2 protein chains.
Amino acid sequence: MAAEKKQAAKASRVRLFVDAPIAADLELKLESAQSHYIGTVMRLAPGDTLSIFNGRDGEWRAAIAGLKRGACTLKPEAQARPQQASSGPWLLFAPVKSSRTELLIEKATELGVSALWPVTTQYSQSKLAKPERYRAHAVEAAEQCGRLDVPKIQPLAALTAVLEEWPTDRRLLFCDEAGGPPVLEALEALVAGPPGPWAILIGPEGGFSAEERADIRTRRFSVPVSLGPRTLRAETAAVAALSLWQAVLGDLRLGN
Amino acid sequence: MAAEKKQAAKASRVRLFVDAPIAADLELKLESAQSHYIGTVMRLAPGDTLSIFNGRDGEWRAAIAGLKRGACTLKPEAQARPQQASSGPWLLFAPVKSSRTELLIEKATELGVSALWPVTTQYSQSKLAKPERYRAHAVEAAEQCGRLDVPKIQPLAALTAVLEEWPTDRRLLFCDEAGGPPVLEALEALVAGPPGPWAILIGPEGGFSAEERADIRTRRFSVPVSLGPRTLRAETAAVAALSLWQAVLGDLRLGN
């Protein structure tokens, strides 16, 4: 099998994020973990091709130019898809225990968020935030789902501070466990209005305090909604809210 | 703390599914895992109350009547919520690796599916199905999210056989990775039509074969849709499709 692969170069389904400029014939040296993945895990060989993207230069087909002792070099051959601006909303969330937060990061990336913003609330534990690990999960999900960029990870901040500095042209879909109008109705009422950027705020386990809820609801940019009669876990709520936002205002409107 | 709890009986936030009839003053003996949970994990004491439901008799407040050597008996005191018929769709899915399938079960339960139906497809591995474990995850999610029943778990079956025996009045939202009309548009076009039961079909990792797709699409009950431009993992697709279905046709329409 390995011998056969060395003889017949092939187009693999491997797709990697690289943190370097991509242009025709600009050779790229991969980091060791990616080189290991290509050579040892996926058993690709020089001449085989894969897809790469960096969030700026679109998606490229690249050929393996060299693969020795865990060091892989790639030669970009042709741009397969041009870069597109990321139009998804930000997602503000209170970190829950780490396996669940990693799921939230993965799923929000699949559903096209442009930025992930961990926030502390009165009932959430700030020490659970691991922004350094969030990036790795976002990169892996971006590679897997086919998007052309990796969502930005904001540093952990107190929700109250974030709201104070909020860019007022950005609407905030506030998923309020304590109740609100149906989310689809609220979003559809805003389709006809002026377009503009959005964010989604998902509550912590244990919910927001009454004081926090009142504060968020009275902000001019806030759009409070209900995600239905059942209590959703944070990552389920994130996927539900993002799906609905994308279906009404984003790229799920278009089909494919 | 333990002493204090024994003195002052309290209303706990514990919520348990019991597989027995519930009626006023009909004493219930819990199984040992639940008894352990109540006594050792949650440290409740005789006189404390909790919520119980069985999928038939609504939700009840019950008091701990006895708790000795890991055997707990409960005395139902009053019905807190009457039983409601489960109106959510069925979810047909091809089992993926078990941690991901368990997530899918959990999230589909949170989003109100009435039944979970594992199916084999041409590109899926039937040996991954563990219906005996699915039930435990569905029960736990039902307890956590506040629903009044546990989704039914169907035995694993070949997708082709399921489609042959399909109840033709039940529409099938076919989430087709190969493309289709936008899901929200497709669902909204059917809101005005005759109401009726629904199911959602999520593809396996690796997708459906061309032959399967053609078969599913030509069934009269099939409503093919796209979940957007990115490749979603099976459990993400399930949450997205269920959220959209509930928002257009189910109980997310209502807010709370």
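The values are calculated or read from the model by the stated rules, or taken from the named source; none is laboratory data. Treat the numbers as computed from the prediction; the structure is a model and nothing was measured. Heads up, the Cβs are rebuilt from the backbone with ideal geometry, glycines too, and the neighbour counts pull from every protein chain shown. Areas reflect the complete protein model, heavy atoms only, side chains present, ligands, DNA and RNA absent. Shrake-Rupley method; radii C 1.70, N 1.55, O 1.52, S 1.80 Å.
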Notebook entry, point to check: Given the conditions (1) open to solvent by less than 10 Å² (accessible area, probe 1.4 Å); (2) not in a loop (DSSP other than H, G, I, E, B), and given that A:Thr40 satisfies all but one, which numbered condition is not satisfied?
Noted result: (1)
Checklist line | Which listed residue, of B:Leu67, B:Leu111, B:Leu103, is assigned by TED's automatic domain parsing to the domain that holds B:Arg147, modelled with pLDDT under 95 and within 27 Å of B:Ser12 (Cα to Cα) | finding: B:Leu103
Next item on the list: Working only within the range A:46-64, note down all residues that are under 11 Å from A:Val14 (Cα atoms) and not polar (S, T, N, Q).
Entry: A:Asp48, A:Leu50, A:Ile52, A:Arg61, A:Ala62
Check: When residues of the range B:161-174 are filtered for being farther than 29 Å from B:Asn54 by Cα and modelled with pLDDT under 95, how many remain?
Finding: 1
Notebook entry, point to check: Which residues, taken from the range A:221-252, are farther than 21 Å from A:Ala115 by Cβ and charged (D, E, K, R)?
Noted result: A:Arg230, A:Arg233
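Every residue, every condition in (1) part of a helix (DSSP H, G or I); (2) in contact with a Phe, Trp or Tyr (Cβ under 9 Å, 6 or more places away or on another chain); (3) away from every other protein chain (no Cβ under 14 Å), yes or no:
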{"position": "A:Pro46", "(1), (2), (3)": "no, no, yes"}
{"position": "A:Leu50", "(1), (2), (3)": "no, no, yes"}
{"position": "A:Trp60", "(1), (2), (3)": "no, yes, yes"}
{"position": "A:Gly66", "(1), (2), (3)": "no, no, yes"}
{"position": "A:Ser87", "(1), (2), (3)": "no, no, no"}
{"position": "A:Leu92", "(1), (2), (3)": "no, yes, yes"}
{"position": "A:Glu106", "(1), (2), (3)": "yes, no, no"}
{"position": "A:His137", "(1), (2), (3)": "yes, no, no"}
{"position": "A:Glu140", "(1), (2), (3)": "yes, yes, no"}
Item checked: Tally of residues being among the small types (Gly, Ala, Ser) and surrounded by fewer than 16 Cβ atoms within 10 Å (Cβ to Cβ) across the range A:85-144 -> 6
Margin query: For the range A:47-60, give me the residue count where each residue is surrounded by 16 or more Cβ atoms within 10 Å (Cβ to Cβ) and without any contact (Cβ under 8 Å) to a residue 60 or more places away in the chain.
Written below: 8
